[in-house]
Amino acid sequence: MFDVGRLSFNPSLYPLPYLRPSVAEHLPHPLLSPPQTMPLFPEAVQHSGINFFIDSPFRSINCNLLIALDGTQYFSSQNICCENCSRKEHRNGTVTYSHTVITPVIVAPGNDKVIALQPEFITPQDGHTKQDCENAAAKRWFIEYGLQYKDLGVTILGDDLYCHQPICENILTEGLNFILVCRPYSHKTLYEWTAEFENMGEI
């Protein structure tokens, strides 16, 4: 889709989902909590040397910046868990504990470089009884960071999971555009309407 043939890969980079306090005490640098790292992301964008307002190599459709959103699981275990884990109960009675995060990145067709933006962790939320999910985390990201990036002219890219009215309205409310995958099996009514318009010659 983006005409990128080869991706950079460093096999020495692995997630570190769990550290015993006794191990953490002997690390050469203190551990940072995720909120402490968030200011680094806009600073990286600011000091990247790229003028995102004019002639940027990341400008694409309608001269917008494309921000791709997707969730990635970086920890999974049936034995290790913490209060921030998501739980999945299986039919055989076992439980899988996991950590997942939404990782927004600025992308562009033909450009093998991306710029990572602030992630949003899928984790239990105060005052909520339902388990956190990718859609809820995406909404939080739009509310938290939409204002910060909207003046750059942004189009959000996402898969079929995001292609629902509440998410679309949330994106537009924050002054952003979107291009989302819309599959026939999960949007049957929409495709029926489209077929009717085609038969009427309206498309």
Query raised in the report: In segment 122-146, what count of residues is obtained for those that are assigned to a loop (DSSP other than H, G, I, E, B), at pLDDT 80 or above and β-branched (Val, Ile, Thr)?
Result: 1
Query raised in the report: Does Pro124 fit the bill of being more than 27 Å from Ala44 (Cβ to Cβ) and not hydrophobic (A, V, I, L, M, F, W, C)?
Result: yes
Report task. Any residue in segment 132-161 that's on the phi > 0 side of the Ramachandran plot: show its pairings with residues that are basic (Lys, Arg) at Cβ separation under 9 Å, as long as the two are six or more apart or on different chains. Result -> Gly153/Arg59
Report task. With the checklist (1) assigned to a helix (DSSP H, G or I); (2) free of Cβ contacts under 8 Å to residues at least 24 places away in the same chain; (3) surrounded by 15 or more Cβ atoms within 10 Å (Cβ to Cβ); (4) not β-branched (Val, Ile, Thr) in hand, flag the one item Glu198 doesn't pass. Result -> (3)
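When you scan segment 143-160, do you find a residue that is under 20 Å from the mean Cα position of the chain (by Cα), of a type outside the set (A, V, I, L, M, F, W, C) and more than 25 Å from Val45 (Cβ to Cβ), even just one? Lay out the reasoning, then the answer.
Start the filter on segment 143-160 by keeping residues that are under 20 Å from the mean Cα position of the chain (by Cα), which leaves 143-160.
Next, only the ones that are of a type outside the set (A, V, I, L, M, F, W, C) stay: 144-146, 148-151, 153, 155, 158-160.
From the residues that got through so far, the ones that are more than 25 Å from Val45 (Cβ to Cβ) too are 160.
Yes, segment 143-160 contains at least one residue that is under 20 Å from the mean Cα position of the chain (by Cα), of a type outside the set (A, V, I, L, M, F, W, C) and more than 25 Å from Val45 (Cβ to Cβ).
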Query - Matching strands (runs of 3 or more DSSP E) fully within segment 64-121 where at least 3 residues are in contact (Cβ under 8 Å) with a residue 12 or more places away in the chain and under 20 Å from Cys133 (Cβ atoms) - result: 71-77, 95-102
Report task. Could you tell me whether segment 137-158 includes any residue that is among the acidic types (Asp, Glu) and more than 27 Å from Ser56 (Cα to Cα)? Result -> no
**Report entry** Of residues in segment 179-194 being within 19 Å of the chain's Cα centre (by Cα) and in contact (Cβ under 8 Å) with a residue 24 or more places away in the chain, the one nearest to Ile156 (Cα to Cα)
**Finding:** Ile179
**Report entry** Condition check for Asn10: within 22 Å of the chain's Cα centre (by Cα), modelled with pLDDT under 65 and not basic (Lys, Arg)
**Finding:** yes
Report task. Could you list, in sequence order, all residues of segment 164-189 that are closer than 23 Å to Ser60 by Cβ and touching a Lys or Arg at 6+ places or on another chain (Cβ under 8 Å)? Result -> Ile167, Asn170, Glu174, Gly175, Leu176
Requested in this report: Could you check Thr194 against (1) at pLDDT 95 or above; (2) β-branched (Val, Ile, Thr); (3) farther than 29 Å from Trp141 by Cβ and say which number it fails?
Outcome: (1)
Requested in this report: Return yes or no: is Phe58 buried (at least 17 other Cβ atoms within 10 Å of the Cβ), of a type in the set (A, V, I, L, M, F, W, C) and in contact with a Lys or Arg (Cβ under 9 Å, 6 or more places away or on another chain)?
Outcome: yes
Query raised in the report: What tally of residues in segment 114-171 results from selecting those that are touching a helix residue (DSSP H, G or I) at 6+ places or on another chain (Cβ under 9 Å), among the charged types (D, E, K, R) and exposed (fewer than 15 other Cβ atoms within 10 Å of the Cβ)?
Result: 1
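The values are calculated or read from the model by the stated rules, or taken from the named source; none is laboratory data. The shown structure was predicted, so the numbers you read here are calculated from the model rather than taken from an experiment. Methodologically, a virtual Cβ is constructed for each residue, glycine included, from the backbone with ideal geometry; neighbour enumeration extends over all protein chains shown.
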